[in-house]
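The values are calculated or read from the model by the stated rules, or taken from the named source; none is laboratory data. In this text the structure is predicted, and so the values were computed from the model without any measurement. Cβ: placed from backbone, ideal geometry, glycine included. Neighbour counts: every protein chain shown. Accessible surface areas use protein heavy atoms only, side chains included; no ligands, DNA or RNA. Shrake-Rupley method; radii C 1.70, N 1.55, O 1.52, S 1.80 Å.
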Amino acid sequence: MSQIIDDEDGDELKRAVRAHWQQQPCGTRDLPAEDRRRFFKQLEDERYRLEPYLPPFARFAEGRGQRVLEVGVGAGTDFVNWVRHGAQASGIDLTEQGVELTRERLMLEGLEADVRVGDAEHLPFADKSFDLVYSYGVLHHSPNTEQAIQEVRRVLKSGGRARIMIYHSRCWVGFMLWGVHCLAKLRPWKSVRWAIYHHLESPGTKAYTVAEAKTLFADFAQVEVRTQTSHGDLLQMRADRKYQKWPHRLAWSLYPRWAVRASGNRFGMALLIEAVK
């Protein structure tokens, strides 16, 4: 299962990951940004409309009075909800852009919280600092995901909870990427994991089976993992610019969303993980 790479390659990959998300924080692609309040509202409305299962997974209200760390704040949508609900929240992001957007959002709402640039593999916090660590769609981008998860455990108090989403390898998104970048290019021997690693979001994106996810969290006292069909599996998001040619647009319009929905969550892209230290 291990997908660890050596330190030199890991540093180079991390720079590429940082550059990708610095240029395009999650969910912000093609949103008009002139009116900042409208921009942030549209960003939040779209996130929870496309991923209605996210708030029930995060359970923001449970953060009230708790020390909460979010690893990978992105544009700050989830983070500001922790703060709104009364959490003593801290947040880190690998990019300056993510930190700046989140700080701007807090300022516009008259809120305050600790947000800083940081690395998931080397969290800048003491052992047993937090009641809850939350990270949604982030740790699979870190070159050493195993170390990042050990860092989550390190900074949690005894009995503290981690709520983490990482990508599922046996998902509709992976199958689609394999079809486009492997089968259609006459290299069917390439794996779904290869397609995800090279063609999903930032370079080096990893994905895991349910069993592998449980192994990643094996040092926790309790762990629950479930799969969730995502807006990516249903092709409900705005298409990336690299998928604007007519064959892509045709496939987008003909995509059998009914079949994806009928399959339930078995091949969902999201692995929703809740672990207790």
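For the chain, the 222 nm mean residue ellipticity estimated from helices alone, with every DSSP H stretch of n ≥ 4 adding -39500 (n - 2.57) and the total spread over all residues, rounds to -11000 deg cm²/dmol.
Helix 96-108 and the longest principal axis of the C-alpha atoms of the chain enclose an angle of approximately 60°.
Assuming 0.36 nm per residue, please report the length gained on full extension of the stretch TRP252 to LYS190 beyond their Cα-Cα distance.
Roughly 20.0 nm would be gained on extension.
Model label points for ARG84 and ARG15, set 7 angstrom from Cα along the Cα-to-Cβ axis, are 3.9 nm apart.
Equivalent ellipsoid of region 115-223: semi-axes from √(5λ) of the C-alpha gyration tensor, largest first, are 31, 14, 10 Å. Across region 52-66, computed HN-Hα scalar couplings (Karplus, 6.51 cos²θ - 1.76 cosθ + 1.60, θ = phi - 60°) run x, 7, 5, x, x, 6, 5, 6, 4, 4, 6, x, 4, x, 9 Hz from first to last residue, x flagging Gly and Pro. For the chain, dividing the convex hull volume of the Cα atoms by the residue count gives 130 Å³ per residue.
The modelled label-to-label distance between ARG49 and MET237, using points 7 Å beyond Cα along the C-beta direction, is 1.6 nm. Quick one: with all protein chains in place, what share of the accessible area of the chain is carbon or sulfur, to the nearest percent (1.4 Å probe)? With neighbouring chains kept in place, the figure for the chain is 53 percent.
Remark: the chain carries 48 Å² of accessible area per residue (probe radius 1.4 Å; ligands, DNA and RNA excluded). Across the options LEU106, TYR255, TYR48, the greatest Cα extent toward the positive end of the charge dipole of the chain (unit charges at beta carbon of Lys, Arg, Asp, Glu) belongs to TYR255. Taking Cα atoms, how many degrees apart are the long axis of helix 145-155 and the longest axis of the chain, rounded to 10 and kept between 0 and 90? Approximately 20 degrees, to the nearest 10.
Order of 168-175, 134-141 by packing, highest average Cβ count within 10 Å first? Don't jump to the answer; show the numbers that get you there.
On the way: 168-175: 22.9, 134-141: 25.1.
Descending mean neighbour count gives 134-141, 168-175.
With R₀ fixed at 45 Å, the C-beta to C-beta distance from HIS198 to LEU111 puts the FRET efficiency at about 0.70.
Considering all C-alpha pairs of region 57-167, those separated by over 26 Å amount to 8%. Amide H contacts of GLU70: SER90, GLY91, ILE92, TYR134, each under 5 Å away and 5 or more positions distant or on a separate chain (H built 1.01 Å from N in the peptide plane; Pro and chain starts excluded).
In terms of packing, defined here as the mean over residues of other Cβ atoms within 10 angstrom, the peptides 118-126, 97-105 line up highest first as 97-105, 118-126.
Relative protection proxy for 48-58, 225-235, from highest mean packing down: 225-235, 48-58 (other beta-carbon atoms within 10 angstrom).
Given bins 10 angstrom wide, list per bin the percent of all Cα-Cα distances in region 127-178, short to long. Cα pair-distance distribution for region 127-178, in percent: 24, 43, 22, 10, 1.
Apply 1/(1 + (r/R0)^6) to the Cβ-Cβ distance of ARG36 and LYS245, taking R0 = 25 Å, and write down the FRET efficiency to the nearest 0.05.
Step by step, r from the Cβ atoms, then E = 0.15.
Between helix 36-50 and the chain there is an angle of about 60 degrees, using the helix long axis and the longest principal axis of the Cα atoms.
Given a Förster distance of 41 Å, report the FRET efficiency between ALA259 and ARG59 from their Cβ-Cβ distance, rounded to the nearest 0.05.
Using R0 = 41 Å, I get an efficiency of 0.85.
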